[in-house]
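The values are calculated or read from the model by the stated rules, or taken from the named source; none is laboratory data. Just so it is clear, the structure is predicted and the values come from calculations on it, not from any experiment. Don't worry about glycine lacking a Cβ; one is built from the backbone with ideal geometry, like all the others, and counts go over all protein chains shown. Remember, those area values only see protein heavy atoms, side chains included, never the ligands or the DNA or RNA. Shrake-Rupley method; radii C 1.70, N 1.55, O 1.52, S 1.80 Å.
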Amino acid sequence: MDVDMQNIKKWVIIYPIYINSKKTLAEGRRINANKACENPTYNEVYDCCTHLKLPCAIESEKAYPRDFMQRGRVRVLLKRDDGSFYNPAISSRKQLMLHVAELVPRHPGRTKKQEPATSSAAGSSKSGKGGKKKR
């Protein structure tokens, strides 16, 4: 993929908040909460865009304007110079967000993180109410 990095300012911007199911529409989510994924990172969004064979670039120092604590965004190029799409299945920003939100839960780093959490939580569960004993 030979891409001209000079016109990167014209590329589509994807903030992870756009596809975060934990956020409301007022907080910045752009797709349906049922189709969104839980707490994506900009690295996961970047990996998903490269998996979809789209030219993309990480801007880790940039912050989301509504929530400056959310760092990082991804710039993605959807069209070639001649007007054809890099991935014919993705012809708009909304379709890109839906595809990425579908791929993030299957991200290799995400599946490895969740396995130990489920096994340790199952082993430490206690039974009983835990209140004061009656005499």
Residue hits (the stretch 49-70; farther than 13 Å from Ile13 by Cα and touching a Lys or Arg at 6+ places or on another chain (Cβ under 9 Å)) are Glu61, Asp67
State all residues of the stretch 13-55 that are open to solvent by less than 20 Å² (accessible area, probe 1.4 Å) and either without any contact (Cβ under 8 Å) to a residue 24 or more places away in the chain or outside any loop (DSSP other than H, G, I, E, B) (or both); if no residue qualifies, say none. Ile14, Pro16, Ile17, Tyr18, Ile19, Asn20, Cys37, Glu44, Val45, Cys48, Cys49
Residues of the stretch 56-86 that turn out to be open to solvent by less than 40 Å² (accessible area, probe 1.4 Å) and under 16 Å from Ile17 (Cβ atoms), as a count: 8
Being in contact with a strand residue (DSSP E or B) (Cβ under 6 Å, 6 or more places away or on another chain) and either farther than 14 Å from Pro16 by Cα or at pLDDT 95 or above (or both), is that true of even one residue in the stretch 90-108? yes
